[in-house]
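The values are calculated or read from the model by the stated rules, or taken from the named source; none is laboratory data. None of the values given here were measured: they were computed from a predicted structure. Using ideal geometry, Cβ is built from the backbone for each residue, glycine included, and neighbour counts are taken over all protein chains shown. Side chains are part of the model used for accessible areas, which takes the heavy atoms of the whole protein and leaves out ligands, DNA and RNA. Shrake-Rupley method; radii C 1.70, N 1.55, O 1.52, S 1.80 Å.
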Amino acid sequence: MLDSVLIANRGEIACRIIRTARRLGMRTIAVHSEADADALFVDMADEAHLIGPAPARDSYLVIDKIMDVARKSGAASIHPGYGFLSERAEFAEACAANGIAFVGPPASAIRAMGLKDAAKALVEKAGVPVVPGYHGDRQQADFLRQKAYEIGFPVLIKAVAGGGGKGMKRVDKLAEFEEALASAQREAASAFGDPRVLIEKYVLSPRHVEIQIFADTHGNVVHLFERDCSLQRRHQKVIEEAPAPGMTPEMREAMGRAATEAARAVGYVGAGTVEFIADGREGLRPDRFYFMEMNTRLQVEHPVTEAITGLDLVELQFRVASGEALPFVQADLAPDGHAVEARLYAEDPEKGFLPSTGRLWALQFAEGEGIRIDTGVEAGDEVTPFYDPMIAKVIAHAPTREEALDKLAAVLRDTIVAGPKTNVAFLRKLCEAEDFRAGRFDTGFIDRNIEALGAVPRGLDAAAVAAGALMLVQQEEERTALGRAPHSDLVAAGGWWEDDGFQLLGRRHTGLPLLVEGARLDVDLSFDRNGPSIEIPGHPVAPGEHGLMVVEGDGGVLVLREGRQTSVKLYDPFTVDLEHMDGDGLVKAPMHGKLVAVFVEAGQTVEKGQRLAVVEAMKMEHALVAPCDGVVAEIAAEAGAQVAEGARVVLIRAAE
Ligand code: ADP
């Protein structure tokens with residue numbers, strides 16, 4: 001076995017690799033950016049080396065810096081994890097040139113599968129079915145438009161160098177083609193440095209079913225069954241499970257064969273995933289699935305396969321990389337039970353799933369049999385804007401799908417995260433969604449059910465505000481009762497202070513100014529012998545709310561209720577940034593990012609909902625739209641500029 005490994009990655013996957021490496025007695029070497037100096041994976045590794053500043057292109061993506069650490073630390077192998085350099089053939093080559101084992105396939109296999117167009121042509125030759133479409137070299141807009149027309153709408157535009165759902169656009173009619181193409185090309189150029197795209201027929205009622213394969217250097221290739229990753233948002237996986245609901249022995253056999261053929265066609269070695277799209281209109285049928293791409297690395301969702309096979313895929317990767325043969329053949333394998341994984345993200349489902357950053361004031365997960373949590377952060381850590389905002393993968397394994405989904409829903413219900421907004425309630429609703437549970441779903445399921453899943457603005461959580469405000473009042477009482485000068489007069493307004501505490505004067509009312517989710521809200525605070533109580537104008541507060549939790553943090557309190565978080569602070573006019581509070585016509589950057597395009601000019605008349613500008617962050621484009629009809633009064637940032645979260649971008653003067 002290899003005696004050491006450098007992990008060229010970060011976060012949860014770095015932690016996960018370190019755990020297995022340690023169990024196998026390997027020395028673990030971490031590399032990290034400045035932003036990750038205090039990260040969990042850095043703590044866990046036997047040694048850690050700084051390789052550069054926060055942006056990945058200056059640290060995690062710099063092959064030379066990583067190879068330098070590998071040589072100096074005497075690493076016997078490098079594990080690339082997923083993302084970053086994991087699918088860069090040059091990285092595998094650099095390892096080979098330095099006599100270091102790359103825990104992954106040969107560079108030639110990465111290259112063969114690296115571009116979606118070439119990969120399709122290659123597997124097609126090996127007899128694997130592919131989606132009809134155009135995957136040639138010509139990239140002129142007119143030509144591609146003609147191709148899309150010939151293929152027939154709806155079509156999907158995909159980045160040739162794509163991954164992670166980026167640079168992908170569904171187009172339903174000819175008139176929308178050109179704008180979608182330009183946007184896909186922009187995203188592709190910025191995310192992958194390659195603007196080329198291909199056009200595919202959009203498969204109707206698509207199910208995403210992928211096959212985990214494993215190959216060794218002795219010519220053995222097996223598959224470890226399938227995973228269903230059809231629950232997606234913007235083509236990114238949200239929930240993954242194994243086996244796939246509705247899978248038949250014939251279909252598994254056909255897909256397994258196609259996947260191992262694809263792997264053999266490129267001389268594959270190690271762990272890989274062959275992704276297929278299945279036309280799910282009549283359930284899974286062996287004659288209706290098509291190759292999409294092969295990911296030449298470990299996948300995010302590998303834990304569900306580990307759960308149903310009892311295998312440690314990272315251990316197998318190390319064994320294969322050290323030249324061992326696979327310890328089993330296909331006939332030895334049979335799936336055991338059902339596993340489901342949910343990706344817990346720092347994002348706000350009520351605001352279009354915008355990534356949410358900041359300190360994790362609380363982070364806690366349930367434990368138990370059949371529950372696995374893969375995370376790279378702890379309470380007190382920051383979710384930064386530099387990397388993928390995933391907080392954890394929550395995995396449940398049980399004898400049946402029903403039980404696995406129940407278990408996952410229960411774990412999500414008991415998960416505590418305070419600080420960034422998260423999708424925890426959304427994930428739980430997904431686990432409980434009737435049609436999903438009944439196996440009636442495809443990749444459009446989330447989009448079609450977005451409202452029922454609670455991913456729409458839901459307004460003020462009045463019970464949470466009341467609980468938060470009462471907590472703040474109580475804190476003020478305690479602070480002043482400790483003999484310090486009253487911090488404000490809001491409590492004293494209801495009575496007076498004496499040596500033995502706060503004396504109430506009948507029932508007294510006073511206004512309590514709060515900052516709720518960053519906006520000012522005045523509530524009525526009243527005191528009587530039972531203590532303070534809160535009334536929120538226009539929002540009835542149900543008495544005796546249960547299942548509510550208050551976490552101190554961020555200069556106030558964070559109230560968690562039914563998977564939602566409400567931030568409540570005492571309003572302090574001296575610290576509030578009035579700049580950012582003016583009017584409804586102010587359009588701010590929703591997050592840190594780059595302003596890639598501004599479509600309007602000062603003085604121009606705009607309609608509510610009109611696209612004003614595009615901010616790109618985390619390699620995704622976010623359109624900024626006019627909040628009302630009006631006239632552009634100011635453009636505060638230029639295309640190409642970096643903008644901070646909350647920065648003014650455009651000011652609209654509302655029409656009378
Ligand atoms: P990426 O490499 O960016 O992840 P994929 O090619 O793997 O892109 O596709 C991601 C997802 O997009 C799939 O899981 C599926 O939901 C959807 N998709 C891809 N191709 C098609 C298609 N031809 N028709 C319908 N949906 C598709």
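One table, with the values for the structure above:
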{"quantity": "Angle in degrees between helix 462-481 and the longest Cα principal axis of the chain, rounded to the nearest 10", "calculated": "60 degrees"}
{"quantity": "Lys/Arg +1, Asp/Glu -1 at C-beta; the stretch 92-205 dipole; positive extreme among 131, 195, 160", "calculated": "131"}
{"quantity": "Dipole magnitude (debye, nearest 20) for the chain, charges at Cβ of Lys, Arg, Asp, Glu", "calculated": "1700 debye"}
{"quantity": "Förster radius 51 Å - calculated FRET efficiency between residue 628 and residue 37, Cβ distance, rounded to 0.05", "calculated": "0.70"}
{"quantity": "The stretch 294-329: GluC sites (Glu not before Pro) falling in loop per DSSP and having at most 14 other Cβ within 10 Å", "calculated": "324"}
{"quantity": "Share of carbon and sulfur in the accessible heavy-atom surface of the stretch 417-482 [1.4 Å probe, %]", "calculated": "47 percent"}
{"quantity": "Percent RCO, i.e. relative contact order, over the stretch 4-103, from Cα pairs under 8 Å lying at least 6 residues apart", "calculated": "30 percent"}
{"quantity": "Segment residue 510-residue 440, extension gain: residue separation times 0.36 nm, minus the distance between their alpha carbons", "calculated": "19.8 nm"}
{"quantity": "Local electrostatic count, residue 554, Cβ distance below 14 Å [Lys/Arg +1, Asp/Glu -1]", "calculated": "-1"}
{"quantity": "Accessible solvent surface per residue of the chain, calculated while the other protein chains remain in place, 1.4 angstrom probe, Å²", "calculated": "42 Å²"}
{"quantity": "Kirkwood hydrodynamic radius of the stretch 152-280, Cα pairs, Å", "calculated": "16.1 Å"}
{"quantity": "Positive dipole terminus of the chain, leading residue within 95, 6, 515 (C-beta point charges)", "calculated": "95"}
{"quantity": "Calculated FRET value between residue 602 and residue 332, using beta carbons and R₀ = 51 Å, to 0.05", "calculated": "0.15"}
{"quantity": "Inter-site label distance for residue 54 and residue 108 at 7 Å from Cα along Cβ, in nm", "calculated": "4.3 nm"}
{"quantity": "Nearest-ten-degree value, helix 141-151 long axis tilted from longest Cα axis of the chain", "calculated": "70 degrees"}
{"quantity": "Distance violations [Cα-Cα > 19 Å] among 120/201; 421/569; 125/169; 173/594", "calculated": "125/169; 173/594"}
{"quantity": "DSSP-assigned coil residues among GluC sites (Glu not before Pro) in the stretch 89-175, each with at most 15 further Cβ atoms within 10 Å", "calculated": "none"}
{"quantity": "Separation of alpha-carbon centers, the stretch 9-78 and the stretch 431-473, rounded to whole Å", "calculated": "37 Å"}
{"quantity": "The stretch 60-123: chymotrypsin sites (Phe, Trp or Tyr not before Pro) falling in loop per DSSP and having at most 12 other Cβ within 10 Å", "calculated": "none"}
{"quantity": "For residue 528, distant residues with modelled amide H under 5 Å away", "calculated": "533"}
{"quantity": "Share of carbon and sulfur in the accessible heavy-atom surface of the stretch 4-103 [1.4 Å probe, %]", "calculated": "49 percent"}
{"quantity": "For the stretch 1-152: Kirkwood Rh in Å [reciprocal of mean 1/r, alpha carbons]", "calculated": "17.3 Å"}
{"quantity": "DSSP bridge pairs, the chain: antiparallel proportion in percent, nearest 5", "calculated": "90 percent"}
{"quantity": "Hydrodynamic radius of the stretch 235-325 per Kirkwood, over alpha carbon pairs, in Å", "calculated": "14.5 Å"}
{"quantity": "Interatomic Cα distance distribution for the stretch 337-458, bins of 5 angstrom, percent", "calculated": "2, 11, 21, 23, 20, 15, 7, 2, 0"}
{"quantity": "Relative contact order (percent, whole number), the stretch 205-334, Cα cutoff 8 Å, 6+ residue spacing", "calculated": "30 percent"}
{"quantity": "Helix 249-265 vs. the chain, principal-axis angle (Cα, 0 to 90°, nearest 10)", "calculated": "70 degrees"}
{"quantity": "Karplus (6.51, -1.76, 1.60) ³J(HN,Hα), θ = phi - 60°, over the stretch 228-242, in Hz, Gly and Pro reported as x", "calculated": "9, 10, 6, 7, 9, 10, 6, 6, 10, 5, 10, 10, 10, 8, 8"}
{"quantity": "Spherically averaged projected area in nm², based on the convex hull that wraps the Cα atoms of the chain", "calculated": "32.1 nm²"}
{"quantity": "The chain: relative contact order as a whole-number percent, Cα under 8 Å and 6+ apart", "calculated": "9 percent"}
